[in-house]
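Worksheet for the structure shown next.
Readers should treat all values here as calculations from the given coordinates under stated rules, not as data from a laboratory. Worth saying up front: this structure is predicted, and the values here are computed from it rather than measured. We place every Cβ from the backbone using ideal geometry, glycine too, and count neighbours over all the protein chains shown.
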Amino acid sequence: MQDIKRVIEENNGKIVVEHDYFLLVEVSREHVRKLARALFEAGAYYSTGVGSDERPRNGFFAMYHILNHEESKKYIVLKVEAPEHDLRIPSITPEIEGANWAEREAHDVLGIVFEGHPEPERLILPDDWPEGVYPLRKDFKYNEKVKPVRKEEKFVEREDALVLPLGPFHPTLHEPEYFEIYVDGETIVGARYKGFFVHRGLEKLAEGRLTIHQIPFVAERICGICGYTHMICYCQAVENAIGLEVPERAEYIRTLLLEIERIHSHILWFGVVYHLLGFDTGFMHAWRIREKVMDIAEMLTGNRKTYGMSLVGGVRRDIDEDKKEKTLKALREVSQEMKKLFNDVLAMKEILNRIEDVGILPKDRARSIGVVGPVARGSGINTDVRKDHPYAAYKYLDFKVPVYNGCDVLSRYLVRADEIFESIYLIEQVLDQMPGGDIMVERFEVPEFSVGVGATEAPRGEDVHFVITHRGSKVYRWRPRAPTYNNLPSVPVMLEGEHLADAPAIIGSIDPCFSCTDHVTIVDDSTGKILFRGPLEDAIRRLKR
Amino acid sequence: MSSMGRLRMLIDSLSHPRVTEKYPYEPIPIPEDFRGKPEIDPEKCIGCAACARVCPPNAITFRDDHEQGYRVLQVFLGRCIFCGRCQDSCPVGAIKLTKEFELVSLSKDDLYQVVKLELAKCIRCGKYTVPYRYIKYLMEKGPKILKYELLLCPECKGEIMTLIKYHYAQEVHE
Amino acid sequence: MNAIIAVIVNVIFALLYAPLIDGVERKIKARVQRRKGPPIQQTWYDILKLFKKEEIMPKDATKSIFVSAPFMAFLSVLISYLFVPTILPGALYFYGDIIVVVYLLAFSSIAFFLGAFSSGNPYAQVGANREMSLAVMEEILLAFIVGSLAVLNRSLMLNKMFPLEIKVSSIILLAFYLVVMYIASARVPFDIAEAEPEIAEGPFIEYSGKYLAMYKYTIFLKRILLTSLFLNFVLPENVLWRTIGYIIGVVIIPVVLAMIEAHMGRMRIDQAVRFMKRLSVIGIFAWVISLFGW
């Protein structure tokens, strides 16, 4: 712990807030690159970056780079400021690959120019968004409509390879994304990713319209599979910002529901992977077993999926003995059946041949890109928010973090398989050890302009929410960063040199949750229709001419 | 060979029944705390509009008509996210989430529930204030305050309080 | 038996039965997955529905080939039924008919390939490449079978091979043939050309309406053709026993294959080709044995 503070001070960083979860470090533009490099070498990886328009407060724009230093169990938030008339900040992407997307996004929505960025292209705004209009600035109203600017999409032509557009509509993908794959015969020679087709503008909505108590429900709907994780992560970020202690029983109930979500998410993933590999029976069996988990969720929370069970300060519903019994019984059945299914599948040679030594992500690349969750753990990196930054009831519970060194799809598969059984073990402990007491803190104060970082281990990896509070039950800035955001840049690396037939399995191996990643839906002013921008629509337009 | 696992899976499947539910030809079991359609019991509702204030998507709204003297509380299912915050916040248990989930309808009117409550009148100036039942509830269950305060509109209450303070100050002074 | 009447009955039987047995296969796969599944007439509904749908012509397609390819594929398989009896033991036999049947099956693969390339879609191109790789290997394996049969029966006429004499080589050949039949029926693990999650239906991606219906129908007909060929090799000449045996066989074999297919994962094209290369060793072995008259 002392070491990391020394590293910060030696590189001209000033620690302004010390919380047991994170350090808020202010650093000037001249020194940010060196400090980032030093922290990376000290073992931190890039978690996410948040741009913020703080002109109403002090006349500056700020960029918060959030790094995760597992060894000292702290998040290090580097705050760099730039004035409006000189809105330039040196890019740290040349030092840490993982900052690439965060800086591009901050540029798109706020207009901060990152000097030295290797790929300063538009990331999240649609292609026909006009230049110079920055939606996340405070002077841009959340319901302001923008006139689309017609722009011709440059289509990539390559001499040496066939351009295969995987997306935005493709049977492999469950949400619209675009992977441009360059294929020579059956070998992939390169890939380009373009996404954010379902960006919904939640961050702006939170600032404009929502109160601090309504945002958990919006957060829950960021994702169709890991919604509860987002809800908890947001609540934790606010609780950290205002220094609120949640009652112990509530922590246990949160843990219970989080682990239930992890189980159902992983079983869902297994079903999808079996389907991608042509083994539909495996898909059906996995989802049949998953139904038992969904039924438990429905019994505990009133809904199969959007649990809605948490607010800032605790949880909304309690659990009684009868529910405990039913939960344990169902989980025992799930455990038995999943064990059988896994054993049967691992004996199927043709399936192993499709996932072993496929989609390699070397460990050093994994660290510099900043991948999280099973993708990182499948490449030999021992990282898990539940152990590195214990939250909810994890500090009281005993569990293992599975790490495999294969760096291939099979490793990620095995990580998730082990995690299911660890989750069941965790739930058994939770139900056994749950203390009595309150489940919600009813009243609390919300100081103005407090910074909070909340992190959870979602089924897909580290989920980070960054919150700055505001007066009167509002938030000043809210940034949910889903795990897939950090995992997606690794896909082109994994795809290179592989067979085309393995592309779906490789893309699927990061367990992509694109709804989580994106946050703009553009509504056409005249017709009120919702439009998807991107290569597909331009192609249709070209055809019609 | 790699057949044993497959064979086991096959025999296992054939020796267990199909899991396909017969719904909609047969009803499907719903757990007790299922969060279905919210319904206001118009007899119990006191018109405090706490539900409207906590509803995250603003599916519950209310409108006061100060000419005719009533408050209209409206639940619009099209916006409802079935979170149950309304149920949590209702002081009298008038709004509850039922187990009903088959909410499809060909007519949008089916998605609205409307509850109409009479507004009480200020005993001094006669203006409409808050629902009569709300005042009754506060008189019985609320903190012990001057009953008369509840029967006044905000402006009258302000004026009378000023008068009281003025007289009180005068007396003390004397 | 009058061959013409037998042929007409056989062809009509095949046309009616092929989609029906696919419906049964779907039901079996559903049961094996503990589901209810669609009704067995669903495949018929699907084909009829496709015939009613509008055809969309891709802008970059070579229209003449694009439109005629499905018919070429369908007809080449249908014509094979003139030489391979199904429910009634009669067909238009002639010298060399077995080679014609093999070539007609190859031609249907070529028609798939042409249709895919003429559509102008890169996914179809990838699918067509895979189709051709598979077809080439299938032809090699079939060649061994035809060669061995020719040696065994000292003839290239199918009716001399219906049924085969019980010998070591013929048993090995039949087992080998079953494997080749499984591969040629585009069943998982070998449905590589049309792999839906990977290349979005491959050669079929641009087809719609009646053309798509014809392609799907062709695959069903091909499966029944291969099954009928196998049954002809094993069923006795006695008309009554043959008919009973045929009906049992043409139901049981697809059901068993469906149960196997449900429990397999898809192979990659290079893995499939390698597998088939190794399989050809058995083919050579069977041919050598047949040379010795065993």
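Computed from the Cα positions only, the extents of the stretch A:206-517 along the three principal axes stand at 58, 44, 31 Å, in decreasing order. Here the calculated FRET efficiency for A:R192 and C:A106, from their Cβ-Cβ distance with R0 = 41 Å, stands at 0.60, rounded to the nearest 0.05. Of the GluC sites (Glu not before Pro) found in the stretch A:231-303, the ones in coil according to DSSP and having at most 15 other Cβ atoms within 10 Å of their Cβ are A:E245. Applying the Karplus relation 6.51 cos²θ - 1.76 cosθ + 1.60 with θ = phi - 60° to the stretch B:116-122 yields 3J(HN,Hα) values of 10, 10, 6, 8, 7, 9, 5 Hz, where x marks Gly and Pro. Each principal axis of the Cα cloud of the stretch A:434-501 was evaluated for its coordinate range; sorted largest first, these ranges are 58, 35, 14 Å. Computed from Cα atoms, the angle from the helix C:42-52 axis to the main principal axis of chain C rounds to 50 degrees.
Computed over chain C with a Gaussian network model linking Cα atoms closer than 10 Å, the most mobile of C:I205, C:I166, C:I98 is C:I166. With the charge dipole of the protein assembly as shown set up from +1 on Lys and Arg Cβ and -1 on Asp and Glu Cβ about the Cα centre, the Cα lying farthest toward the positive end among the listed residues B:L7, A:L300, C:M137 is that of B:L7.
First check a/c for the stretch C:187-294, with a ≥ b ≥ c the square roots of the eigenvalues of its C-alpha gyration tensor; if it is under 1.5, answer rounded, and if not, answer prolate when a/b is larger than b/c or oblate otherwise. Oblate, because a/c is 1.5 or more while a/b does not exceed b/c.
Is the shape of chain A rounded, prolate or oblate, going by the alpha carbon gyration tensor and its root eigenvalues a ≥ b ≥ c, with a/c under 1.5 for rounded and a/b larger than b/c for prolate? Don't skip to the answer; put the middle values down first.
Working: a/c = 1.41, a/b = 1.06, b/c = 1.34.
Note, shape of chain A comes out rounded.
Modelled spin labels at B:Q68 and C:R35, positioned 7 Å past Cα toward Cβ, are 5.3 nm from each other. In this Cβ point-charge picture (+1 for Lys and Arg, -1 for Asp and Glu), the stretch A:206-517 has a dipole of about 520 debye about its Cα centre. Each residue of the stretch A:307-316 was assigned a 3J(HN,Hα) from its phi angle through the Karplus curve 6.51 cos²θ - 1.76 cosθ + 1.60 (θ = phi - 60°); the sequence is 5, x, 9, 10, 9, 4, x, x, 10, 9 Hz, with glycine and proline shown as x. Taking GluC sites (Glu not before Pro) across the stretch A:92-174, the ones in a DSSP loop with at most 15 further Cβ atoms lying within 10 angstrom of their Cβ are A:E121, A:E131, A:E144, A:E152, A:E157, A:E159.
Within the straight-line cut-off of under 26 Å between alpha carbons, the lysines reachable from C:K59 are A:K151, A:K154, A:K194, A:K544, C:K49, C:K210, C:K216, sequence neighbours fewer than 8 places apart in one chain being disregarded.
Just to be sure I follow the definition: excluding the sites themselves, where is the longest run in chain B that has none of the trypsin sites (Lys or Arg not before Pro) in a DSSP loop with at most 16 other Cβ atoms within 10 Å?
Working: sites that count: B:R18, B:K22, B:K44, B:R79, B:K99, B:R124, B:K127, B:K144.
Answer from the scan: B:45-78.
Based on alpha carbons, the Rg and Dmax found for the stretch B:29-173 are 19.3, 73 Å. Annotation: Cα Rg of the stretch C:87-210 relative to the compact-globule expectation 2.2 N^0.38 Å equals 1.24.
Spatial offset of the stretch B:48-76 relative to the stretch C:31-64 amounts to 51 Å, using the alpha carbon center of each. Relative to one another, the C-alpha centroids of the stretch A:57-79 and the stretch A:340-394 are positioned 27 Å apart. Farthest toward the positive end of the dipole of the stretch C:3-291, out of C:G202, C:V100, C:F117, is the Cα of C:G202, where the dipole comes from beta carbon charges about the Cα centre.
Could you work out the local net charge near C:G283, counting Lys and Arg as +1, Asp and Glu as -1, over the other residues with Cβ closer than 12 Å to its Cβ? Write out the running numbers ahead of the final one.
Working: positive: C:K277, C:R278; negative: C:E138, C:E139.
My count for the surroundings of C:G283 gives 0.
The H on the amide N of A:V17, modeled in the peptide plane, is under 5 Å from the matching H of A:L24, each at least 5 residues off or on a different chain. Among C:I56, C:I145, C:I171, the largest mean-square fluctuation in a Gaussian network model of chain C (Cα springs under 10 Å) belongs to C:I56. The stretch B:8-45 and the stretch C:162-240 have their alpha-carbon centroids 41 Å apart.
Estimated from helical segments only, the mean residue ellipticity of the protein assembly as shown at 222 nm is -15000 deg cm²/dmol, where each DSSP H run of four or more residues counts as -39500 (n - 2.57). With coordinates expressed along the principal axes, the C-alpha atoms belonging to the stretch A:320-379 extend over 48, 32, 9 Å, beginning with the largest. Computed on the Cα atoms alone, the convex hull of the protein assembly as shown gives a volume of 214 cubic angstrom per residue. The aspartates and glutamates within cross-link reach of A:K324, meaning a Cα-to-Cα straight distance under 12 Å and a gap of 8 or more places when in the same chain, are A:E428, A:D432. Which of the GluC sites (Glu not before Pro) found in the stretch C:1-61 are in a DSSP loop and have at most 15 neighbouring Cβ atoms, other than their own, within 10 Å? Counting only loop positions with at most 15 other Cβ atoms within 10 Å, the GluC sites (Glu not before Pro) in the stretch C:1-61 are C:E54, C:E55. Divide the volume of the convex hull around the Cα atoms of the stretch B:1-101 by the residue count and you get 173 Å³ per residue.
Kirkwood radius and radius of gyration were both taken over the C-alpha atoms of the stretch A:41-97, and their ratio Rg/Rh is 1.04. Could I have the simple spin-label model distance between C:V255 and C:F71, label points 7 Å from Cα toward Cβ, reported in nm to one decimal? The two pseudo-label positions are separated by 3.9 nm.
Dipole size of the protein assembly as shown about its Cα centre, with +1 on Lys/Arg Cβ and -1 on Asp/Glu Cβ: approximately 2200 debye, rounded to the nearest 20.
For the charge dipole of the protein assembly as shown, defined by +1 on Lys and Arg C-beta atoms and -1 on Asp and Glu C-beta atoms about the Cα centroid, which residue among A:G59, A:I427, A:P489 has the Cα displaced farthest towards the positive pole? Final value for the positive-end residue is A:I427.
Were the residues from B:L103 through B:K136 laid out at 0.36 nm apart, the gain over their Cα-Cα distance would be 8.4 nm. Here the 3J(HN,Hα) profile of the stretch A:493-500, calculated from phi with Karplus coefficients 6.51, -1.76 and 1.60 at θ = phi - 60°, is 5, 6, 7, 5, x, 8, 6, 4 Hz, Gly and Pro shown as x. A cut-off under 15 angstrom between Cβ atoms defines the neighbours of C:V24, and their net charge, with Lys, Arg +1 and Asp, Glu -1, is +4.
Can you tell me the dipole magnitude for the stretch B:19-174 around its Cα centre, using point charges on the Cβ only (Lys, Arg +1; Asp, Glu -1), in Debye to the nearest 20?
On the way: 23 positive and 22 negative charges, 60 e Å.
Computed about the Cα centre, the dipole is about 280 debye.
Value of Rg to Rh for the stretch A:128-180, rounded to two decimals, is 1.14; Kirkwood radius and Rg both from alpha-carbon coordinates. Here the stretch C:3-291 yields Rg over Rh of 0.96, to two decimals, using C-alpha coordinates and the Kirkwood radius. Straight-line reach from B:K136: taking Cα to Cα under 15 Å and skipping same-chain neighbours fewer than 8 places apart, the aspartates and glutamates in range are B:E43, B:E118, B:E149. Left without a cysteine partner by the 4.7 Å Cβ rule in chain B: B:C45, B:C48, B:C55, B:C80, B:C83, B:C90, B:C125, B:C156. Considering only the Cα atoms of the stretch A:1-141, their convex hull presents on average a projected area of 8.5 nm².
Take the residue pairs A:K292/B:K96; B:K44/B:K141; A:K329/A:K387 and return only those whose Cα atoms are more than 22 Å apart.
Flagged as over cut-off: A:K292/B:K96; A:K329/A:K387.
Taking amide H as placed 1.01 Å from N in the peptide plane, A:T48 has its amide H under 5 Å from the amide H of A:I66, each at least 5 places away in sequence or on another chain.
Quantify how strongly other chains surround peptide A:340-352 by giving the mean number of their Cβ atoms within 10 Å of each of its Cβ atoms.
Details: counts 4, 3, 1, 4, 10, 4, 2, 8, 9, 4, 11, 6, 2.
Rounded to a whole number, the mean comes out at 5.
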